[in-house]
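Computed from the coordinates by the stated procedures, all read-outs in this text should not be read as laboratory data. Values in this document were obtained by computation on a predicted structure and should not be read as measured data. Cβ placement follows ideal geometry from the backbone for every residue including glycine, while neighbour counts extend to all protein chains displayed.
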Amino acid sequence: MFDNLSERLAKTFKTLRGQGRLTEDNIKDALRDVRRALLEADVALSVVKGFIDQVQAKAIGQEVSLALNPGQAFIKIVREQLAEVMGLEAAPLNFNVEPPAVVMVAGLQGAGKTTSVAKLARWLKEREKKKVMVVSADIYRPAAIKQLETLSAQVGVAFSPSRADEDPVAIVERARSEAKKQFMDVLLVDTAGRLHVDEAMMAEIKALHQSVKPIETLFVVDAMTGQDAANTAKAFHDALPLTGVILTKTDGDARGGAALSIRQITGKPIKFIGAGEKTEALELFHPDRMAGRILGMGDVLSLIEEAESKIDHKKAEAFAKKIQKSGQFDLEDFRQQLQQIQNMGGIGGLIGKLPGMGQVKNQLNEGVAEKEFKRLEAIINSMTPQERAHPALLKGSRKRRIAAGSGTQVQDVNKLLKQFEQMQKMMKKVSKGGLKNMMRGMGGKVPPGIGGMPR
């Protein structure tokens, strides 16, 4: 998300850095570029106008520090204003109610409600340590009930069964009673997709909301619809008292217009963003951190939080000690590191959160990188434990067997071994305290053969 906007803003700031100081003239030129970049990102016109007016007032006023050059000063102002437009701070869920806290999820058809309910259930279970139950009140799409049941089993939360011939209010009341008996902390309610212009369907969800009185009512919206996402959310909020938004499919949206428009148009915060179909692909939305990502400053805090929750610390510690001691590691270690990277959202997800790595991210083809990682893992999985521990054993016949077992070619096995050798050399430098030399040698580029980069 925001790739196009980030690229355009970077060019604007580069031009400003060559100026001696901020003046009305160079601010005017920079703001024209920023306005164009925001409109191309499909940000709502009213939001763009307010944003530009605020940045201009701050830039021309007395808020610029003498310690900063013009480019830095302007970036600081733009970052603060971006964060303000998106809501300044994260808006966590409210659990200040007698358990179970009922969270209702609404939205249009195809926006990803059912998947978002499963993602949210997993997030609450793993991050907030909550006991979660889910229930489907979507009586119009029987497959939705089965889908939620399957997903709830995958993420390991309780599921309250329902049928297509039942009344949605009765379904949720029964589920709440069950959740209370089982001492659940949270009950997540998946509702049927509906259009805000469908009066009968809107009347139904109003009646459900009035009966259940959820502590949170979240609206799921597709980021790829741009500013229309904000307009749809506002229309729903006019009929239903929303408390926040879950923005889905952000991995497919290079513009970011929805994220920059929703708060200003609806007055409601984006609480979560979803990036991908996997149930772990949900994160709390931090406007200040997202502003940093847009401007190429990275998001180290989110990266640290992700590492804390998704990395196997025992394995990571054992690997670190092994590298520090000898600089040697085997193909089993290599496989574990590939799995850790994929758990953290893949190489593209990692690089996107690192400061100053925008240029490297642009070199990546994330789809190719993901396929490459899966192929490498499949090849290693086809090896015996002895072969993983002693790669030198891998000769002609063994390579042919491994290629056949992993559905690859012998050339692919050879490429893996070559990449493994390169990584071993890099790790030896790290073990000798040569991390800076290693990074300098790479020149800020992705190692050959990773993520679709040329070998």
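Values for this structure:
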read-out	value
Distance violations [Cα-Cα > 29 Å] among Lys11/Lys268; Lys130/Lys268; Lys11/Lys418; Lys14/Lys425	Lys11/Lys268; Lys11/Lys418; Lys14/Lys425
Distance (nanometres) between label positions extended 7 Å along Cα→Cβ at Met423 and Ala153	3.4 nm
Other-chain or far-sequence residues with amide H under 5 Å of Gly107's (modelled H)	Arg194, Val220
Members of Lys58/Lys234; Lys271/Lys415; Lys125/Lys374 lying beyond 32 Å, as alpha-carbon distances in this model show	Lys271/Lys415
Karplus-derived 3J(HN,Hα), 6.51/-1.76/1.60, for each residue of the stretch 284-291, Hz, glycine and proline x	5, 8, 10, x, 5, 5, 5, 4
Simple label model, 7 Å out from Cα along Cβ direction - Asn96 to Ala239, nm	3.0 nm
Fewest-first ranking of Thr114, Thr248, Thr150, using other Cβ atoms within 10 Å as the exposure measure	Thr150, Thr114, Thr248
Footprinting exposure proxy for Met86, Met423 (fewest neighbouring C-beta atoms within 10 Å first)	Met423, Met86
Gyration tensor (alpha-carbon) shape descriptor, the stretch 101-303, a/c threshold 1.5	oblate
Backbone HN-Hα couplings from phi across the stretch 148-156 [Karplus 6.51/-1.76/1.60, Hz, Gly and Pro as x]	5, 4, 5, 5, 5, 5, 5, 8, x
Computed E for Lys49/Arg375 - FRET, C-beta separation, R0 60 angstrom, nearest 0.05	0.80
Fully extended contour minus Cα-Cα distance, from Glu128 to Lys278, at 0.36 nm per residue	52.1 nm
For His209, His390, order by how many other beta-carbon atoms lie within 10 Å, fewest first	His390, His209
